[in-house]
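What follows is a single structure, written as structure tokens, with notes after it.
Nothing in this text is a laboratory measurement; each read-out follows from the coordinates by a stated rule. Keep in mind the model is a prediction, meaning the values are calculated, not measured. Here Cβ is always computed from backbone atoms with ideal geometry, including for glycine, and neighbour counts include all displayed protein chains.
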Amino acid sequence: MALATAAVVGDKEASRRHNCSDRTLRDWRKRCETDDELAAACLRARAKLEAGWAKELPAALMRAIAFLSRSFEDGDPSDPDMTNAVCKALMVISDVQQAQRILDVRLSQEDRRSRAQPLAVAPTKAA
């Protein structure tokens, strides 16, 4: 559902993915204010989308860390390029961990807001 996608990735990307205009998304969002069934369907679709990628993230992180671990074992610790690559990989892992924490907080806040206002389907800005 385009509105659910827009809530996750923003209107511009959702419009591209679902072959509809920004205006159409705004119209559908406005309709959600008066159409309880549409609003509920949008919320269910959004929850399903968020749960889907949230479930995939830990496995993807584990595969990436396993790959880095193998690379560290196979690399030459006296090689300055290897040392640089390891440092960059550690920074990336740290950034991903921080992003995951931020997303956890954001999603828990969104979940609380959704329960407080079950018919709200707000637009988000694309990053």
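Worth pointing out:
- Value at 222 nm in deg cm²/dmol, rounded to 500, when DSSP H runs of n ≥ 4 in the chain each add -39,500 (n - 2.57): -28000 deg cm²/dmol
- Between helix 22-32 and the chain there is an angle of about 60 degrees, using the helix long axis and the longest principal axis of the Cα atoms.
- Degrees, to the nearest 10: 80-116 long Cα axis against longest axis of the chain: 20
- Radius of gyration (Cα atoms) of the chain, expressed as a multiple of 2.2 N^0.38 Å: 1.43.
- Net charge contributed by nearby residues that have their C-beta within less than 13 Å of Asp35 (K/R +1, D/E -1): -1
- 10 Å-binned pair-distance histogram of region 1-53 (Cα, whole percent): 28, 56, 16
- Normalised by the number of residues in the chain, the average gap of Cα pairs under 8 Å and 6 or more apart makes the relative contact order 47 percent.
- Angle in degrees between helix 36-74 and the longest Cα principal axis of the chain, rounded to the nearest 10: 0
- Subtracting the Cα-Cα distance of Asp36 and Ser78 from 0.36 nm times their residue separation leaves 8.7 nm of extension gain.
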